[in-house]
Amino acid sequence: MDWDDAAIARELDKLAPQEDDIADVFAERLTEISIPWRDGSPGDPRIRREAGTAARRRARGAERLAFVSGAGEEAARAAVRTLLGEKPARSGRPVAAGTPETGAAEASRWVRRLPALLARHAPRHRLRLRILHAERHVVAARRPPADFARRLVSVEGIVVAASRLGDEDRLFSFHAPDAGQVADELRTALVEAAAPRARPVPAVPGAIDVLLARGCAAVLFHEILAHTLEADAERSPLSDAGDAPLTVTDLDVRDDPRRLDLFGGYERDDEGTAPRAVKLIQSGRLGSRLADRSTGGRSGSTGHGRRAAASEPPQPRSANIVVTAGSASSEELVRRLGNGLWVDEIHAGSVEPSSGVFRLAFQRARRVSRGRLAEEIGAGYLYGEMRAALRGIEPVLGREVHACRTLGWCARDGRVLPVQGEAPDVLVRGLSMRPSR
Amino acid sequence: MTFEGLRRALERRAPGRWELYRKTSHSRERDTCRGISRIAERSEEGWAARWWEGNTEEPAAALRFAAASSAEMLAAAIEDAARLPAGGDPVPDLPARGRKSPAPEAPAPIEDPPDLGPALSAAISAASAGTSSLATLAIRVGVAHERIANANGLDVSQALTAADGVASAIATNTRETGKGKGSSAAARAAFRFDPARPDVERLARRLADASLLPLSGRAAPFRTGQWLLEPAVAAAVLAAVAPAFCGGRGPSWLSRETAASPGVRIVDDAGAEAAWDGEGVATRRMLLVESGEVVARLYDLRSGKAAGRPSTGHGARPSFREPPRCEPRRIFFEGSSPAAAETLLSSVRRGLVARALTAPVRVDLPADRYEAEFTGVSVIGGREQGPVAGARASGRISELLRRIEGIGSDLQFFPMPFLAGSGTLLVERAAFD
């Protein structure tokens, strides 16, 4: 963004006279294109172009934030003036945006490619393609300015799978940064979603051992570790864990925003800090917290200060869960499970940090009987308590790590951010299961 | 670029088939969370356009939608959207109205929201005997100006005000009972308030109950019984079922002659909130269920066109970022002879009172199924017996509506996110587990 950063920074320096004070200006320009597709035909496309700027001052436990529409230098100055309690520009009317960037041209590649992919691999569907391009700029007192941009692709909706037993609607979601081999990954996901399967039997409620396969253990760790270790999270059963062993020593889980191949990755967080990987579980013991500038204390921000929008303040939030691989093959883990459930896709998760109770929703799973994959199980929930679940993890992890492309958007307090993760197969004993009705 | 300039651009692109929307808003939010206090002041501008491009002789055309945070950006977004593939969509009959000069736009000055934190904190503590405490509180006051114009000559403006918030409380078990010493439970509540007379006590009771009752560890003592739903729970059930009343065709179970109990009315009336919906259609009271029978449905312009009906003023537009969609705007249960909540409680012979939900209500409208997880108390002979940490009521939605035997006079509204309201609701029989 074409600002006089030095001039803005000088104004911010006045707002943050103490070393611990924070004053910054954050601007975002985003373009979102969204096109529904139904059985190969496009529906009503939508395009959204937004620009917004927020100035923030934080000192002695109090924070003030001023947001205006627009992302030009005029908007930045108007936000700072509002923060200072001065009359905003144009008698309180929002300030216009700067030069808009092109958007539809960026989407044209996907608009050409997706219908061909769908026609070949999943011809019956009700899906929505969403392409989000965001450019962000941060100027802060006593810190260098930062610019960064991200482009994300999501395909979500229903794939109709035909089989001898009749058509079946299957939830489909795929989230990835728009780079590299993403189209190939999407093709693989569509082929799997549309593959014929046997008719499922209803899930039976009760305690069960579960093998979380194909990366979906990342959802479990996102819920029970990432959310509870966000520095401003409420107290949880992990708060008093100290240095006590919580789980098997083979388990290493970290949150790594630097993984730009995952949906939650970024080069700079929304306070302009270069992120670093944070160990959440190391050798079975609880690791560090995810912090932003406000909550980082002496050790500083870990680069997890994220904003759901320019109008929202930054919060310490998780980005990408990364679980280190073990040495077992998938077959070995199924044998080791013995009797239980094999789950390869979790489409929603939630946690209540104060009680430690979490819940993971699945659409389909496979029962495992005597170490072999058996019948298909219909939709249900896995739930449990976070410390018990960590204790129930077996010391043998899968040797292949898979990105969990179904994990894409995370909401906390109504603020939605891109997240993702990758994990090997993880065997957890003693969860509870309940069918969805 | 101005509003007029965009009108001309849209008319050139889609003669007689466009709609233009602008919203300017100004709000202040007070956020208190674990010792940090934040004031956020926001001035936002939003623009949106929707147009049907194609042969004007054809009944269907390519529908496109663009939204932006300035007029200039919207003009560029319209150009970009025109290059995206689009399917054919029946062109609705856009509402007409004589031209009217728009209302003045200067936003009214807004003060910082009241600091309800200390009062709410004290009230929660009192309502829970010190076991539960306020964890977070965010309250917001705001004013917005909307202007809606279309190719049929409509040009209306309105001012909207909002005062709402979200609060959460955490209860910790300090005794060796229920789930065990040191166990905690949290609860969150979204609310609206009157800045002149905020009802802190009622909100505090809601948060205290929702956070405290799950700690008891007690399961539901009955598998079936009467079910008394407090207003927040009943409103959440209604909000979950409400999509069944939207658009041209509802689920088959709703078309029966006795879709609900004879004493129940379901009404949508957003007249107190706004004069127009998000498409510029005048707001009106819609009686949806009367004497147990569905007597009307809700339509926006597009769903109305598909069903061959006029819009009922239910083109909801919660944000400029999304096109209008058919949705209730202020839906509520209305009893033909509402009773006091205490009277309803005393009439429970054996059953459960649902004080707060512990998970969102889940419904499968085509399959006529619902599932509600809640915390509350058990009641025998009209007297509360003890807490129930968690119970689940599930069954057919149609049976739930037919079994409503009483509606309380304590009507309250909750943002869900559209407004849904109810008094205390008594259901004659429900299955629990």
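The values are calculated or read from the model by the stated rules, or taken from the named source; none is laboratory data. As the structure is a computational prediction, the values presented were derived from the model and not from experiment. Heads up, the Cβs are rebuilt from the backbone with ideal geometry, glycines too, and the neighbour counts pull from every protein chain shown.
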- Task: Just give me the residues in the range B:346-360 being part of a loop (DSSP other than H, G, I, E, B) and away from chain A (no Cβ under 14 Å), in sequence order.
- Result: B:Ser347, B:Val348, B:Arg349
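Residue check: is A:Arg90 part of a helix (DSSP H, G or I), more than 9 Å from chain B (Cβ to nearest Cβ), at pLDDT below 90 and closer than 24 Å to B:His145 by Cα?
yes
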- Only one of (1) surrounded by fewer than 18 Cβ atoms within 10 Å (Cβ to Cβ); (2) touching a Phe, Trp or Tyr at 6+ places or on another chain (Cβ under 6 Å) fails for B:Glu384. Which number is that? (2)
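A quick yes/no check of all residues on (1) crowded, with 23+ Cβ neighbours inside 10 Å; (2) touching an Asp or Glu at 6+ places or on another chain (Cβ under 9 Å):
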site	(1), (2)
B:Thr283	no, yes
B:Val289	no, no
B:Arg297	no, no
B:Arg317	no, yes
B:Pro338	no, yes
B:Arg355	yes, yes
B:Pro360	no, yes
- Query: Is it the case that some residue within the range B:254-272 is over 28 Å from B:Glu428 (Cβ atoms), at pLDDT below 95 and among the hydrophobic types (A, V, I, L, M, F, W, C)?
  - Reply: yes
- Determine, yes or no, whether B:Leu288 is of a type in the set (A, V, I, L, M, F, W, C), within 14 Å of chain A (Cβ to nearest Cβ) and under 23 Å from the mean Cα position of the chain (by Cα). no
- Among the residues of the range A:38-55 satisfying the criterion of being more than 7 Å from chain B (Cβ to nearest Cβ) and in contact with a Pro (Cβ under 7 Å, 6 or more places away or on another chain), which is modelled with the lowest pLDDT? A:Gly40
- At least 2 residues that are free of Cβ contacts under 8 Å to residues at least 40 places away in the same chain in each: list the strands (runs of 3 or more DSSP E) lying fully within the range A:1-82 that qualify. A:46-59, A:62-69
- Scanning the range B:361-404 residue by residue, those touching a residue at least 24 places away in the same chain (Cβ under 8 Å), within 14 Å of chain A (Cβ to nearest Cβ) and in contact with a Ser or Thr (Cβ under 6 Å, 6 or more places away or on another chain) turn out to be B:Asp368, B:Thr375, B:Ala389, B:Gly390
- Item | Any strands (runs of 3 or more DSSP E) falling wholly within the range A:333-437 and containing at least 1 residues that are out of contact with any Ser or Thr (no Cβ under 8 Å at 6 or more places or on another chain) | A:340-343, A:348-352, A:357-362, A:365-369, A:372-377, A:409-412, A:415-418, A:420-423, A:426-435
- Residue check, B:Pro214 against (1) assigned to a helix (DSSP H, G or I); (2) more than 22 Å from the chain's Cα centre (by Cα); (3) at pLDDT 95 or above; (4) not hydroxyl-bearing (Ser, Thr, Tyr), all met but one. Which one? (3)
- Go through the range B:233-286 and count every residue that is in contact with a Cys (Cβ under 6 Å, 6 or more places away or on another chain) and within 22 Å of B:Phe413 (Cα to Cα). 1
- Message: Kindly evaluate B:Arg218 against the criterion of being under 30 Å from A:Arg235 (Cβ atoms) and either more than 14 Å from chain A (Cβ to nearest Cβ) or of a type in the set (S, T, N, Q) (or both).
- Response: yes
- Message: Can you pull out every residue in the range A:199-256 that is over 15 Å from A:Val322 (Cβ atoms), within 17 Å of the chain's Cα centre (by Cα), among the aliphatic types (A, V, I, L, M) and not in a loop (DSSP other than H, G, I, E, B)?
- Response: A:Ile224
- Yes/no for A:Arg130 being in a loop (DSSP other than H, G, I, E, B) and surrounded by 15 or more Cβ atoms within 10 Å (Cβ to Cβ): no
- Message: Quick check on the range A:97-123: of everything there that is part of a loop (DSSP other than H, G, I, E, B) and surrounded by fewer than 21 Cβ atoms within 10 Å (Cβ to Cβ), which residue is modelled with the highest pLDDT?
- Response: A:Pro123
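Given the criterion modelled with pLDDT of 95 or more, under 30 Å from A:Gly61 (Cβ atoms) and either within 14 Å of chain B (Cβ to nearest Cβ) or assigned to a loop (DSSP other than H, G, I, E, B) (or both), identify the matching residue among A:Arg259, A:Arg276.
A:Arg276
Go through the range A:385-437 and report how many residues are within 14 Å of chain B (Cβ to nearest Cβ), farther than 25 Å from A:Arg258 by Cβ and not basic (Lys, Arg).
Final tally of qualifying residues: 8.
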- Task: Could you tell me whether B:Ser347 is within 22 Å of B:Leu229 (Cβ to Cβ) and hydroxyl-bearing (Ser, Thr, Tyr)?
- Result: yes
- Task: Output the number of the condition that B:Glu79 fails; it satisfies all remaining conditions of (1) more than 7 Å from every other protein chain (Cβ to nearest Cβ); (2) touching a residue at least 40 places away in the same chain (Cβ under 8 Å); (3) under 17 Å from A:Arg49 (Cα atoms).
- Result: (2)
- Message: part of a helix (DSSP H, G or I) and either of a type in the set (Ser, Thr, Tyr) or within 26 Å of B:Val353 (Cα to Cα) (or both): which single residue out of B:Val237, B:Val289 fits that description?
- Response: B:Val237
- Please state which of the following conditions B:Pro113 fails to meet, knowing it meets all the rest: (1) out of contact with any strand residue (DSSP E or B) (no Cβ under 7 Å at 6 or more places or on another chain); (2) within 14 Å of chain A (Cβ to nearest Cβ). (1)
- Got a number for residues in the range B:291-341 being over 17 Å from the mean Cα position of the chain (by Cα) and on the phi > 0 side of the Ramachandran plot? 3
- Those residues of the range B:361-375 which are part of a loop (DSSP other than H, G, I, E, B) and closer than 17 Å to A:Arg359 by Cα, in sequence order: B:Val361
- Item | Criterion (touching a strand residue (DSSP E or B) at 6+ places or on another chain (Cβ under 7 Å) and without any contact (Cβ under 8 Å) to a residue 60 or more places away in the chain) met by exactly one of B:Ala208, B:Ala185, B:Ala260, B:Ala236 | B:Ala185
- Message: Pairs needed: first member in the range A:403-431, of a type in the set (S, T, N, Q); second member anywhere, surrounded by 24 or more Cβ atoms within 10 Å (Cβ to Cβ) and assigned to a strand (DSSP E or B); C-beta distance under 6 Å; at least 6 residues apart or different chains.
- Response: A:Gln420/A:Asn320
- Note on the structure: Checked pairs for the range B:107-131, first farther than 19 Å from B:Ser184 by Cβ, second part of a loop (DSSP other than H, G, I, E, B), C-beta under 6 Å and 6 or more apart or across chains, list as B:Leu116/B:Pro198
- Do you know which residues across the range A:6-15 are surrounded by fewer than 20 Cβ atoms within 10 Å (Cβ to Cβ) and either under 25 Å from A:Leu30 (Cα atoms) or of a type in the set (Asp, Glu) (or both)? A:Ala6, A:Ala7, A:Glu11, A:Asp13
